[in-house]
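> Here it is, the structure, as structure tokens.
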Amino acid sequence: MAKLLGTPHWQCCSVHLVTFLLLIALAVDFFGYNYLNLKSQNLQSRQAGASLAVREGRGPQAMKLSRVVYPQPDVLKAPRPDVPVLTPWLAPIVWEGTFNIDLLDEHFQSQNVTIGLTVFAVKRYICYLTMFLQTAEIHFMVGHRVNYYVFTDQPDNVPRILLQKGRQMVILKVQSYARWQDISMRRMETISIFSQERFHREVNYLVCVDVDMKFRDHVGVEILSSLFGTLHPGYYAIGKQFFPYERNPQSQASILENEGDFYYTAAFFGGSVPEVYRLTKACHQAIMMDQANHIEAVWHDESHLNKYLLYHKPTKVLSPEYMCHTAEECIWFQNKRGLSTIVKRVRFVTLQKNMSYIRTDEGSAQTGSEKGNGSQPYSSS
Ligand code: 5GW
Ligand code: MN
């Protein structure tokens, strides 16, 4: 029995050895866990305390970040070596690959920002609203608070779209104008009036866009800044002497031959409410001044926008990812301008216009810079 109860010497040794190894494993586990835990807490607390100055809607504010883990920037590796990512006045040019959306979402979430999206749907352009709003619900500022401001002459015909939580639609009645140029240009006046009257109370940023568009991919808080403009896809990477700026020195929109930074599209601009107020008010006043002198700038409100942004430098510039043309046009334009390789994501696209349909009962005879007939300067070059 004793023999049976007793343990052979070699067996006794192996039991001690196993116990010893188990103890070591436990100790390593315990100390290793604590070490890693401390390290990650340290990392998190450092991130929680991280502070980065950004220009905000209401003056400079600290960018407070908490518990966001992201790849460290590599000082030896340019985020996008194939495209310019900074203007000469050090404003970022926003391209896919230049920003970390989780980091930015976290920051703007913590600021609880509300973004106003203004869009005009007058006369026949009301037909674009359904596609515009439906795709905005999928791609525009998802996870943030959004107010759609739909300006229209027919409030009853605005489609009722089911909106996600935190998003609402405000329908605002505006008058229509006989000439499409006036419909387009008067947007500046309307946005300036409403900025002063209500937008400043309701939103932090305004994004002002055309309605004949659809969202095809993410358009988020990476676009937000005090004042931003978007590069027109038709004039990217061509000499500024070819930009279709207004050249008549009598016009308030005139830009001299050797002047200019970029050619910005009027279909996508924005910023903080005070900055958008200043921009739209200045453009409207310039348009009125021209009108008093019987002048109309070659590309209407777009010419005035370009003049304003030349003398009031935007704090961010959106790449042509944010303003592309429809599939067929897009491929054509992009190949022609070398955009196909540099545009990694087509985010916001213009829709094909059936202009003969739109123009039939428009009434006014249109000549010269008529839209949608292929006479746009970039389409024939
Ligand atoms: C109608 C005919 C010709 C040109 C513009 C219009 C038009 C424009 C209109 O009847 N109703 C209207 O609401 N608009 C607004 O102005 C839309 O928001 C439109 O997106 C914006 C600019 O006009 P677009 O989109 O025709 O200008 P482009 O530069 O994109 O051709
Ligand atoms: Mn348009």
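Please treat every number below as a calculation from the coordinates, not as lab data. Since we're looking at a predicted model, the values are computed, not measured. Because the Cβ atoms are built from the backbone with ideal geometry, glycine has one as well, and the counts that use them run over all protein chains shown.
> For segment 72-170, what class follows from the C-alpha gyration tensor (a ≥ b ≥ c being the square roots of its eigenvalues): rounded when a/c is under 1.5, otherwise prolate if a/b is larger than b/c, else oblate?
prolate
> What is the extension gain from residue 292 to residue 87, computed as 0.36 nm multiplied by their sequence separation minus the C-alpha to C-alpha distance, in nm to one decimal?
That works out to 70.3 nm of additional length.
> May I pose another question? Among the listed pairs 281/307; 123/173; 240/307; 240/281; 165/344; 281/313, which have their C-alpha atoms separated by more than 20 angstrom in this model?
Among 281/307; 123/173; 240/307; 240/281; 165/344; 281/313, the Cα-Cα distance tops 20 Å for 240/281; 165/344.
> Ranked from highest to lowest mean number of other Cβ atoms within 10 Å per residue, what is the order of the peptides 134-142, 230-238?
Packing proxy ranking, top to bottom: 230-238, 134-142.
> Once each part is reduced to its C-alpha centroid, what is the distance from segment 234-253 to segment 108-126 in angstrom?
Using only Cα atoms to place each centre, the spacing works out to 29 Å.
> Also, quick follow-up: Quick one: which residues, 5 or more positions from residue 220 or on another chain, have an amide H under 5 Å from its amide H? H modelled 1.01 Å from N in the peptide plane, none for Pro or chain starts.
141
> If you don't mind, another one. Please identify every one of the trypsin sites (Lys or Arg not before Pro) in segment 68-153 that sits in a loop by DSSP and has no more than 13 other beta carbons within 10 Å of its own beta carbon.
Listed in order of number, the matching sites are 77.
> Quick check: residue separation of residue 169 and residue 198 times 0.36 nm, minus the Cα distance between them. What number comes out in nm?
Going from the current span to full extension adds 9.0 nm.
> Distance in nm between label sites at residue 80 and residue 179, each 7 Å beyond Cα in the beta-carbon direction?
Placing both labels 7 Å beyond Cα along the Cβ direction yields 3.7 nm.
> Here's another thing I want to ask about it. Using R₀ = 35 Å, calculate the FRET efficiency as 1/(1 + (r/R₀)^6) where r is the Cβ-Cβ separation of residue 160 and residue 72; round to 0.05.
The calculated FRET efficiency here is 0.15.
> Is the C-alpha gyration tensor of segment 122-203 telling us rounded, prolate or oblate? Criteria: a/c under 1.5 is rounded; beyond that, a/b larger than b/c is prolate, otherwise oblate.
oblate
> Please report the antiparallel percentage of DSSP beta bridges with both residues in segment 63-174, rounded to the nearest 5.
5 percent
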